[in-house]
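The values are calculated or read from the model by the stated rules, or taken from the named source; none is laboratory data. For clarity, every value in this text was computed on a predicted model and none was experimentally measured. In this analysis, Cβ positions are derived from the backbone assuming ideal geometry, glycine residues included, and neighbour counts consider all displayed protein chains. The protein model used for the area step is the full one, side chains on, heavy atoms only, and it has no ligands, DNA or RNA in it. Shrake-Rupley method; radii C 1.70, N 1.55, O 1.52, S 1.80 Å.
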Amino acid sequence: MGIFRKDIARLKDEELMVLLGSKRKNEALTELHARYAKRILGFFVHMFRGDQAKAQDFTQDLFLRILEKHQQFNPAKRFYTWIYVIASNMCKTEFRKLPELHLSENDSIPANTTNWNENHADKQLFQSELKKAIDHLEEYHQLAFVLRYMEELSIKEIAEITEVSEGTVKSRLYYASKKITSKLEQFNPLNDTHLFKIQN
């Protein structure tokens, strides 16, 4: 029995991937796009330093790649992880093309004497400075940090996506969290050095 249009939304991601090899490929891709485009766009925005136009282009390209590479997908595995593998690889390829950025300590977050407890209007400033701190990370530390704390993936999922051990992922997250926390210490009333908990 064929799949009716109204049933497309009920299918699992992995089942939609199977349909990409059929006459229903456009419907299946449209549904996958509806489910993941916003999250993937957000991922690219974080990785490309807030460049919305570039993130949009990469998001469109990613879904074209999914259509082109659908036969490489193993239905026994999770599509959710696979899509981030593609997105992460796209970022790595792009970073290799770009000239190396030399961010000096002079570009770090300036000291701020404002009492964070008394001025909650600085939350917007915090978000801005957090973005700067993330941008200062090495690419592989930045990738691990964004996948964990922005995309909320597990340590195991990040290890699979980045093709390293879970121990390496934890090490990268520890380094990234420590560096970011040191730059944001002024915003933390308790001077907590563990703003970002590393959990599985």
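Here are the numbers:
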{"item": "Scope region 42-61; condition of a type outside the set (A, V, I, L, M, F, W, C), surrounded by 16 or more Cβ atoms within 10 Å (Cβ to Cβ) and under 24 Å from Phe73 (Cα atoms); matching residues", "result": "Thr59"}
{"item": "Pick from region 68-92, criterion free of Cβ contacts under 8 Å to residues at least 24 places away in the same chain and under 22 Å from Asn26 (Cβ atoms), ranking: nearest to the chain's Cα centre (by Cα)", "result": "Trp82"}
{"item": "Which listed residue is at pLDDT 90 or above and open to solvent by 40 Å² or more (accessible area, probe 1.4 Å), from Ser171, Ser154, Ser104, Ser128", "result": "Ser171"}
{"item": "Sole residue being open to solvent by 40 Å² or more (accessible area, probe 1.4 Å) and at pLDDT 90 or above, chosen from Arg5, Arg39, Arg96", "result": "Arg39"}
{"item": "Residue list for region 28-67, restricted to those being closer than 18 Å to Glu152 by Cβ, touching a residue at least 12 places away in the same chain (Cβ under 8 Å) and aliphatic (A, V, I, L, M)", "result": "Ala37, Ile40, Leu41, Met47"}
{"item": "Positions within region 77-91 being at pLDDT 90 or above and open to solvent by 50 Å² or more (accessible area, probe 1.4 Å), in sequence order", "result": "Arg78, Asn89"}
{"item": "Matching entry among Leu184, Leu195 (being aliphatic (A, V, I, L, M), open to solvent by 10 Å² or more (accessible area, probe 1.4 Å), at pLDDT below 95 and over 20 Å from Val85 (Cα atoms))", "result": "Leu195"}
